[in-house]
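Notes follow the structure.
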Amino acid sequence: MGKAGLKINLLTGDVPEKAVTTHPEIVRAMIHQVKSSGGIPQVGDCGGSEGASNRNRYFAACRSSGIMQVCEEEGTEILHLSAESIDAKNTSGRYLPCTRNILVFDKDTQNYLFLPRQIKSKKSY
């Protein structure tokens, strides 16, 4: 499988209970899935409002959201991706906007998994 980029959604540095970012336990589960398939996971995002252009704020948001702790516990590299946008050609020949560093997570990365942010239910159970 080789390296696999796990593109998280780190919209803010809020705690997981606020359901704003990809939940850290989803990140952990996907790290386990990649490893169990023989792959080497890498986690990254361009950081949204918390750090699109500021690496320090990005890594602080990773820490406060719990994602950094999961990556440290799992021995997984976490990357700050560029917010620069380019058009990438998909398999059907269409061009789609894409973050430049998604294409170059690492020169050897060939698989990308996009992890959604949490959806906070509006219903009260």
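The values are calculated or read from the model by the stated rules, or taken from the named source; none is laboratory data. Only a predicted model underlies this, so the values are computations on that prediction, with no experimental measurement involved. As a convention, Cβ positions derive from the backbone with ideal geometry for all residues, glycine included, and neighbour counts pool all protein chains shown.
Looking at (1) loosely packed, with under 10 Cβ neighbours inside 10 Å; (2) modelled with pLDDT of 70 or more; (3) touching a strand residue (DSSP E or B) at 6+ places or on another chain (Cβ under 6 Å), find the lone condition where P97 falls short. Only one criterion in (1) loosely packed, with under 10 Cβ neighbours inside 10 Å; (2) modelled with pLDDT of 70 or more; (3) touching a strand residue (DSSP E or B) at 6+ places or on another chain (Cβ under 6 Å) is unmet by P97, namely (2). Restricting to segment 15-38, name every residue that is surrounded by 16 or more Cβ atoms within 10 Å (Cβ to Cβ) and either part of a loop (DSSP other than H, G, I, E, B) or under 13 Å from the mean Cα position of the chain (by Cα) (or both). Hits for segment 15-38 are V20, T21, T22, H23, P24, I26, V27, R28, M30, I31. I'd like the full set of residues that are among the basic types (K, R) and modelled with pLDDT under 90, limited to segment 8-34. Scanning segment 8-34 gives a single hit, K18.
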